[in-house]
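> Below you'll find the structure I mean.
The values are calculated or read from the model by the stated rules, or taken from the named source; none is laboratory data. Remember, predicted model here, so these are calculated numbers, not experimental data. Cβ coordinates were reconstructed from backbone atoms using ideal geometry, including for glycine residues, and neighbour counts include every protein chain displayed. Protein only, heavy atoms only, side chains kept; ligands, DNA and RNA dropped before computing areas. Shrake-Rupley method; radii C 1.70, N 1.55, O 1.52, S 1.80 Å.
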Amino acid sequence: MSRVEHDEYLEQLWHMAEASLDAVDDLASGVHGDFDAGMLDTLAEEGLIELHDGKKRVTLTDQGQDQARGIARRHRLAERLLFDVLGKGGDEFEAEACEFEHIVAPELVDSICILLGHPRECPHGKAIPEGECCKKSLRHVERAPRPLSKLKVTDEARVAFLKSDRDDQIHRLEGLNIRPGVMLKLHQTYPFFVVECEGASVALEEKVAMNILVWMENGGTAE
Amino acid sequence: MSSDKVKTAHKTIALVGLPNTGKSQLFSKITGVYSLVANYSRTTIEEKRATLQIGNETVEIIDTPGLHGLYIHSEEELAVRDLLYSQPPDILIQCVDANHLKQSLPLMTDLLELGIPMVVCLNAMDDTARNGTWIDTARIEERLGVPVIETIAQSGSGIDELLKSLTKARPGKRSLHYGDIVENGVMEISRLLEGSVEFPRETSLLLLKEDPFAQSYVNDKVAEEKRPKIEERVADLRRKFDAPLDRHFLDQRARWVDDFTDATVRKRKLRLGSQTAERFAHLSRHPFYGIPIFLLFLLSTFLMVVYVAGFVEGKLNDIIVDPSVTYLTTHLPEGFWADFLVGHYGILTLGVFNAFCTVLPILGAFFLVLSCAEDIGYIPNLCVLTGRLFEKLGLSGKSIMSLVLAFGCKTMATLTTKGLPSYKEKFIANYLIAFTIPCGAQMALQVGILGRVGPVAFLLTFGVMMSALVVVGIALNKILPEGDREGFIQELPPARFPSPKAVLVKTYYRLRWFLQEAVPIFLIAALALFALEKTGLLQGLKVILHPIVVGWLGLSNEMVDVLLLCVARHEVAAGRLLDLVDTGILNTPQTIVSVLLLTMFVPCSAHVLAIGKQMGLKTACIMIPCLSLSALLLTGTLNYIFKLFWTGA
């Protein structure tokens, strides 16, 4: 009985809890490969799940929830990392994210989360469970890249990376010299964002500005 | 080089560069052929060619639409790349805005990969002095290994040097390297492509960047047995590389660009000259201050067209029209010739005098204001100001620019909708352009017409037009299925004070085009109406159309003339409408209804062709009757509303 399989069951139960499902049948159809009823007993023995209705329904215990949240968080952060920063898409990235969630060390998870600017959703639009670092970031201003759309007028910032949901958008921005390392100055936020980059002004809509992640220079004032 | 290249008798030279770097201006200065320019991107949408004698050699110069790089993200750019691939020019001139050298470098790296003899032209050098940029031209020349010439296209400085340097054009040094793994792979792939395609190296790079065009191009050109080998090499190289190759290319290029600018460009902190123009640009797109500036723009248009043009028109009438009409009517015997020359549909009264003494002054005044706004760079800022509104209508990004361009010329604006990402957006943009936006000439004349019946009519008409824009846009947005949306990214041109010379030259060329294109139609239209009247057909048409024109629209029967002329050219129709208003045949509410009908009714023939070209025949066949029907519906309803609420109507 592998650790991987163990984690996968917990993760699947987390997905089900999000969708308000608790039937064992749903679990069975959700996991990859053959359903292993023995795994349920193991998880129950570890105190991670509770079985009801003669093993027809299953819920996570508090302890089980903590573990499952961690797994979902690692998986979805991994997706964000592969998708935003490395520009991977399609099937390859789903498989890689799956591997990733099992091997990454817990301390590294928070560092990745900070690097990505505490993202709230995975590329599929599902919520990424909050970590300690996310809660801290609300109390302290920290050096994390944030979307250009969160800056205030007259703020200056250095581009950290561009998110790659659309290749043509990245090419377009790169063509206008908006790329990692350059300084941007925000001139206007409404009706559109206007930034100055290398001496030229460029107007962007908010959706595009959200895809430009920047480092604030000297702490910054943005929230 | 491949063998199927069509060898033209003379050398070809292509002008390429980013949008708004002055290619068209340079083209005019070199060839003496005026090409419409404005201080914003995408003014040139189709290539222009001219031949020229340099020394004792004949060369052909090609002006191309703006290009960001050979990896393509829009249709116009695709056209330029197709041109480069299908008829490789003998020499490339890359036009670079010296103030934004860095922005031009990514394109430069791509052009260098082509290996075509090249000359780089650093344009707008005068502005670099003003905004504190110092460029080491000699160093750039040394780094690129091609002639680099400083020019000021606007005044023509440096053009002679540029032409002289063409004899020294040569393929540039390729100093951008992608690392050994990639370089070796590219070399192998290029070797396989050699002999069958143009630019084997650039083509292999495009293949590695997964460019769909390059893929189909290679499938087209390369013998089938060779293809698997190429595909294998490409896949192999991608596998060898852990990170996505695409990113790697962008990163390496970015590093090259940084190195290059670090070595060749210095910036002073202090900027000479005033920044008033910049500040104005900033205010003009501000959500609050932008609105009064826009109103000011409208007001100055109104004042220019109504008062300045009105004054000129009055003078022309006093000096030319009235005396000659009086002379002819008193000296000619009543009958055919008097009718033919100065009658109701006389070739002089409705044709010549109408075109030159009424329409021309109005267009002149309007084009002065428009050219001025274009030279300042106001139009893209207006896009920023109004973009949010257009977004609600289901439009995004580029289509906003198309819509704003429609106030210049609807046909051209329709052509710029080519690159829009989805059918839905294309449809909405084209419908709105055709239905609710008057083109420049039309707008000018409408302001002229409405100015005669008072400012209230002016405000009311444009109010209805804008409401129609919003309502129709929202409705179409709801009805049509969702399409792919593209984020709004728009470069803003550097704001500057208008140059009187550039404004005057541009106005002059616009008027000259009007004279060349529209005046013959004025004459033909006058003749046609004259013939229709003499044969009694016009009377017949008026009887047939009576229920619609008089019954439903509440207009005078004479409006049938205007509707007929609409199909030919809207300026001509507007000219006839002006006549009707002047002679008191239409009262204020009727004038408003007519002006709206004129904007919305059948598009002019050039515009119909453009719609057909962009949307396909089928859509065009649905769209145009729809347009005309909705126009009749809206104006008819308005007529009934006026009847109820407009006292004295």
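> For B:Val602, which of the numbered conditions (1) farther than 25 Å from B:Gln516 by Cα; (2) not in a helix (DSSP H, G or I) fails to hold?
Among (1) farther than 25 Å from B:Gln516 by Cα; (2) not in a helix (DSSP H, G or I), the lone unmet condition for B:Val602 is (1).
> Take the residues in segment B:287-300 that are without any contact (Cβ under 8 Å) to a residue 12 or more places away in the chain and not in a helix (DSSP H, G or I); name whichever of them is farthest from the other protein chains (Cβ to nearest Cβ).
B:Tyr289
> Okay, next question. Considering every residue within segment B:261-268, establish whether at least one is within 25 Å of B:Arg81 (Cα to Cα) and open to solvent by less than 30 Å² (accessible area, probe 1.4 Å).
No, segment B:261-268 contains no residue that is within 25 Å of B:Arg81 (Cα to Cα) and open to solvent by less than 30 Å² (accessible area, probe 1.4 Å).
> Can I ask one more? All but one of (1) modelled with pLDDT under 85; (2) part of a strand (DSSP E or B); (3) of a type in the set (A, V, I, L, M) hold for B:Ile13; state the number of the condition that does not hold.
Result: B:Ile13 fails condition (1) only.
> I would also like to ask the following. B:Val222 - would you say it is farther than 30 Å from B:Arg496 by Cβ and either open to solvent by 80 Å² or more (accessible area, probe 1.4 Å) or modelled with pLDDT of 85 or more (or both)?
Criteria met by B:Val222.
> Which is within 21 Å of A:Glu132 (Cα to Cα) and aliphatic (A, V, I, L, M), of A:Ile49, A:Ile103?
A:Ile103
> Same structure again: With (1) farther than 18 Å from A:Glu8 by Cβ; (2) open to solvent by less than 20 Å² (accessible area, probe 1.4 Å) as the list, and A:Glu130 as the residue in question, which single condition is left unmet?
For A:Glu130, the failing item is (2).
> Separate question: In the set B:Phe497, B:Phe530, which member is aromatic (Phe, Trp, Tyr) and either outside any loop (DSSP other than H, G, I, E, B) or without any contact (Cβ under 8 Å) to a residue 40 or more places away in the chain (or both)?
On the way: B:Phe497 fails: either outside any loop (DSSP other than H, G, I, E, B) or without any contact (Cβ under 8 Å) to a residue 40 or more places away in the chain (or both).
Among B:Phe497, B:Phe530, only B:Phe530 is aromatic (Phe, Trp, Tyr) and either outside any loop (DSSP other than H, G, I, E, B) or without any contact (Cβ under 8 Å) to a residue 40 or more places away in the chain (or both).
> Can you say whether A:Ala95 is away from chain B (no Cβ under 14 Å), in contact (Cβ under 8 Å) with a residue 12 or more places away in the chain and out of contact with any strand residue (DSSP E or B) (no Cβ under 6 Å at 6 or more places or on another chain), as far as the supplied structure shows?
No.
> Scan segment B:435-456 and tell me whether some residue there is of a type in the set (D, E, K, R), touching a residue at least 40 places away in the same chain (Cβ under 8 Å) and over 20 Å from B:Asp582 (Cα atoms).
Here is the first cut: in segment B:435-456, the ones of a type in the set (D, E, K, R) are B:452.
With the extra rule that they be touching a residue at least 40 places away in the same chain (Cβ under 8 Å), the set shrinks to B:452.
Narrowing further to those that are over 20 Å from B:Asp582 (Cα atoms): none.
No, there is no match, as no residue in segment B:435-456 is of a type in the set (D, E, K, R), touching a residue at least 40 places away in the same chain (Cβ under 8 Å) and over 20 Å from B:Asp582 (Cα atoms).
> Restricting attention to segment A:29-80, and to residues there that are among the polar types (S, T, N, Q) and in a helix (DSSP H, G or I), which single residue is least open to solvent (accessible area, probe 1.4 Å)? It would help to see each step written out before you state the result.
Filtering segment A:29-80 down to residues among the polar types (S, T, N, Q) leaves A:29, A:42, A:59, A:61, A:63, A:65, A:67.
From what's left, in a helix (DSSP H, G or I): A:29, A:42, A:63, A:65, A:67.
Numbers: A:Ser29: 95, A:Thr42: 35, A:Gln63: 102, A:Gln65: 73, A:Gln67: 69 Å².
Among those that are among the polar types (S, T, N, Q) and in a helix (DSSP H, G or I), it is A:Thr42.
> Further, regarding this structure: When the residues of segment B:513-572 are filtered to those that are among the basic types (Lys, Arg) and open to solvent by 30 Å² or more (accessible area, probe 1.4 Å), which remaining residue is modelled with the highest pLDDT? Reasoning before the result, please.
Quick first cut of segment B:513-572, residues among the basic types (Lys, Arg) only: B:534, B:542, B:569.
If we keep only those that are open to solvent by 30 Å² or more (accessible area, probe 1.4 Å) too, we end up with B:534, B:569.
Working: B:Lys534: 87, B:Arg569: 79.
Top of the filtered list is B:Lys534.
> Going by the conditions given, is B:Asp110 more than 19 Å from B:Asp136 (Cβ to Cβ), acidic (Asp, Glu) and more than 14 Å from chain A (Cβ to nearest Cβ)? Let's see the steps before the verdict.
Numbers: more than 19 Å from B:Asp136 (Cβ to Cβ): yes; acidic (Asp, Glu): yes; more than 14 Å from chain A (Cβ to nearest Cβ): no.
Spelling it out, it is not the case that B:Asp110 is more than 19 Å from B:Asp136 (Cβ to Cβ), acidic (Asp, Glu) and more than 14 Å from chain A (Cβ to nearest Cβ).
> Can I ask one more? As an exercise: evaluate B:Val306 against (1) away from every other protein chain (no Cβ under 14 Å); (2) under 30 Å from B:Pro494 (Cα atoms); (3) surrounded by 16 or more Cβ atoms within 10 Å (Cβ to Cβ) and give the number of the one condition it does not meet.
(2)
> Being of a type in the set (Asp, Glu) and farther than 12 Å from B:Leu445 by Cα is the filter here; which residues of segment B:567-593 pass it?
If the condition is that a residue be of a type in the set (Asp, Glu) and farther than 12 Å from B:Leu445 by Cα, then B:Asp582 is the only one that fits.
> For segment B:46-60, does any single residue satisfy the condition of being modelled with pLDDT under 85, surrounded by fewer than 19 Cβ atoms within 10 Å (Cβ to Cβ) and closer than 26 Å to B:Phe407 by Cα?
Yes, there is a match, as at least one residue in segment B:46-60 is modelled with pLDDT under 85, surrounded by fewer than 19 Cβ atoms within 10 Å (Cβ to Cβ) and closer than 26 Å to B:Phe407 by Cα.
> Only residues in segment B:199-223 that are within 12 Å of B:Glu113 (Cβ to Cβ) count as the first member; pair them with residues that are outside any helix (DSSP H, G or I) and at pLDDT 85 or above, Cβ under 7 angstrom, at least 6 apart or cross-chain, and list the lot.
So the pair list comes out as B:Phe199/B:Gly115; B:Pro200/B:Glu194; B:Thr203/B:Val197.
> Scan segment B:100-115 and report the pairs whose first residue is on the phi > 0 side of the Ramachandran plot and whose second residue is not in a helix (DSSP H, G or I), with Cβ atoms within less than 8 Å and a gap of 6+ or a chain change.
Note: pairs meeting the criteria are B:Gly115/B:Pro171; B:Gly115/B:Phe199.
> Tell me which residues, restricted to segment B:230-244, are facing another protein chain (nearest Cβ under 10 Å) and not acidic (Asp, Glu).
Step one: of segment B:230-244, the residues facing another protein chain (nearest Cβ under 10 Å) are B:242-244.
Residues satisfying the conditions are B:Ala243, B:Pro244.
> Residues being within 14 Å of chain A (Cβ to nearest Cβ) and either acidic (Asp, Glu) or within 12 Å of B:Leu350 (Cβ to Cβ) (or both): count how many of those fall in segment B:491-535.
The number of residues fulfilling the criteria is 1.
> Moving on to the next point. Would you be able to say whether some residue in segment A:31-45 is over 20 Å from A:Ala127 (Cα atoms), in contact with a helix residue (DSSP H, G or I) (Cβ under 7 Å, 6 or more places away or on another chain) and among the aromatic types (Phe, Trp, Tyr)?
Yes, segment A:31-45 has at least one match.
Every residue, every condition in (1) away from chain B (no Cβ under 12 Å); (2) farther than 30 Å from B:Leu105 by Cβ; (3) open to solvent by 10 Å² or more (accessible area, probe 1.4 Å); (4) at pLDDT below 85, yes or no:
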{"site": "A:His124", "(1), (2), (3), (4)": "yes, yes, yes, yes"}
{"site": "A:Glu142", "(1), (2), (3), (4)": "yes, yes, yes, yes"}
{"site": "A:Arg172", "(1), (2), (3), (4)": "no, no, yes, yes"}
{"site": "A:Gly181", "(1), (2), (3), (4)": "no, no, yes, yes"}
{"site": "A:Val202", "(1), (2), (3), (4)": "no, no, no, no"}
{"site": "A:Glu206", "(1), (2), (3), (4)": "no, no, yes, no"}
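> Being at pLDDT 80 or above and assigned to a loop (DSSP other than H, G, I, E, B) is the filter; apply it to segment B:467-487 and report the residue that is nearest to the chain's Cα centre (by Cα).
B:Leu480
> OK, next. Given the criteria farther than 21 Å from B:Gly451 by Cβ and either open to solvent by less than 30 Å² (accessible area, probe 1.4 Å) or in a helix (DSSP H, G or I) (or both), does B:Thr619 qualify?
Considered against the rule, which asks whether it is farther than 21 Å from B:Gly451 by Cβ and either open to solvent by less than 30 Å² (accessible area, probe 1.4 Å) or in a helix (DSSP H, G or I) (or both), B:Thr619 comes out as yes.
> Pairs please, first residue from segment B:391-412 and more than 14 Å from chain A (Cβ to nearest Cβ), second anywhere and outside any helix (DSSP H, G or I), Cβ atoms under 6 Å, 6+ apart in sequence or on different chains.
B:Ala406/B:Ile437; B:Cys409/B:Cys439; B:Lys410/B:Cys439
> Being open to solvent by 50 Å² or more (accessible area, probe 1.4 Å), over 19 Å from A:Glu174 (Cβ atoms) and assigned to a helix (DSSP H, G or I) is the filter here; which residues of segment B:235-255 pass it?
Of everything in segment B:235-255, those that are open to solvent by 50 Å² or more (accessible area, probe 1.4 Å), over 19 Å from A:Glu174 (Cβ atoms) and assigned to a helix (DSSP H, G or I) turn out to be B:Arg238, B:Arg239, B:Lys240.
> Restricting to segment B:201-219, give me the number of residues that are open to solvent by 10 Å² or more (accessible area, probe 1.4 Å) and assigned to a helix (DSSP H, G or I).
The number of residues fulfilling the criteria is 7.
> Looking at segment B:435-453, is at least one residue touching an Asp or Glu at 6+ places or on another chain (Cβ under 8 Å), open to solvent by 30 Å² or more (accessible area, probe 1.4 Å) and either more than 14 Å from chain A (Cβ to nearest Cβ) or not β-branched (Val, Ile, Thr) (or both)?
There is at least one residue in segment B:435-453 that is touching an Asp or Glu at 6+ places or on another chain (Cβ under 8 Å), open to solvent by 30 Å² or more (accessible area, probe 1.4 Å) and either more than 14 Å from chain A (Cβ to nearest Cβ) or not β-branched (Val, Ile, Thr) (or both).
> Just one of the numbered conditions (1) of a type in the set (A, V, I, L, M); (2) surrounded by fewer than 18 Cβ atoms within 10 Å (Cβ to Cβ); (3) within 14 Å of B:Val96 (Cβ to Cβ) is not true of B:Ile140; which one?
Exception for B:Ile140: condition (2).
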